[in-house]
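Undergrad: First the structure, which I've put down as structure tokens, then a few questions once you've had a look.
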Amino acid sequence: MPIDEVFVNPTVKQVIFQMLFPNLFYIENKIGEFQLKIMNEFPESKLLHRMQFTWADVGPDSKLTDIESKLDKDTTGQKIWQFNSPKNFQINVTSNSLDISSMYHKTYRMDNGDKFRDVIELAVKNFFQVVSVPLIGRVGLRYVDECPIFSKDNDTFKSYYNSVFPIQRFNLADVEEMDFKGVIKRGDCVLRYVESLKKVEDQYLLILDFDSVRNNVNPEDVLKVTDDLHTIISEEYEKTITERVKEYMRKPKAV
């Protein structure tokens, strides 16, 4: 069962929604209409350019002018229309994608908090009103959690986390870094599950990275599919933590 509680001090640090679709070259002409529809929630906007790097293999005898000429022909850029909320979340739109990134939201759909699902619905609904997309190639939802390690020993670690790390073989006290990645099918969806033990500044953390996707989605089903992806992630997170982590998240963050 997905977690049905909004915590005072959750471990989630970032949540990302993304949908990919075929290149639509007329999007640039529709961005103004989309901007007006979301301006109340996203009053700040900017246009970014992402340059693509080109490796120029022109041979050892080529002149600098030959290299510059090849780069001029091969290097292309991508426009990114970015819309920011004062609450620390943003929408990015390109000719073939829309993504939402938030370091603000602590719940997906629970009523006693600002819901990330509401932002997805706002963005997707208004986007489809101005841009006709026949098929969504991929819908993805990603959660990144930074979980505390209170004592770097095996027994304490196991009391907080149902980790996949082989700590029955390696003493956690001797571990500098440890990583695990698995890609697992879940019906029509795919879950990428990553655990990383690493030192951030002066503190060791367990980084949990859940990335769930589904390919070939009808536009009218985007929100329903995102709900399914969230259920997969929430259930996996529930399996990874113990009640002691929930107790920690229920307490205000120590200053």
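Undergrad: Rounded to the nearest 0.05, what FRET efficiency is calculated for LYS158 and VAL194 with R0 set to 25 Å and r the Cβ-Cβ distance?
TA: That pair, LYS158 with VAL194, gives E of 0.80.
Undergrad: Taking a threshold of 19 Å on the Cα-Cα distance, which of the pairs LYS115/LYS181; LYS46/LYS87; LYS87/LYS125; LYS13/LYS224; LYS37/LYS224 fall above it?
TA: LYS115/LYS181; LYS87/LYS125; LYS13/LYS224; LYS37/LYS224
Undergrad: Among LEU208, LEU48, LEU141, LEU24, which comes first, then next, by fewest other beta-carbon atoms within 10 Å?
TA: The fewest-first ordering by Cβ neighbours comes to LEU48, LEU24, LEU208, LEU141.
Undergrad: Now for a different question. Most exposed first by the Cβ proxy, i.e. fewest other Cβ within 10 Å, how do THR240, THR156, THR226 rank?
TA: Lowest count first: THR156, THR240, THR226.
Undergrad: Additional query: Going by how many other Cβ atoms sit within 10 Å of their own, how do CYS189, CYS147 line up, fewest first?
TA: Details: CYS189 19, CYS147 22.
Listed from fewest to most nearby Cβ atoms, that is CYS189, CYS147.
Undergrad: Sum up the charges of everything whose Cβ sits under 13 Å from the Cβ of LYS185, counting Lys and Arg as +1 and Asp and Glu as -1, but leave LYS185 out.
TA: +2
Undergrad: Need the C-alpha centroid separation for the range 214-243 versus the range 26-42, integer Å.
TA: First find each Cα centre; the distance between them is then 27 Å.
Undergrad: Label-point separation (nm) for LEU135 and ASN171, each offset 7 Å from Cα along Cα-to-Cβ?
TA: 5.7
Each reported figure results from applying straightforward, stated rules to the coordinates on display, with no laboratory input. Not measured: the values here are computed from a predicted model. When we count neighbours, we look across all protein chains shown, and the Cβ atoms used for this are built from the backbone with ideal geometry, even at glycine.
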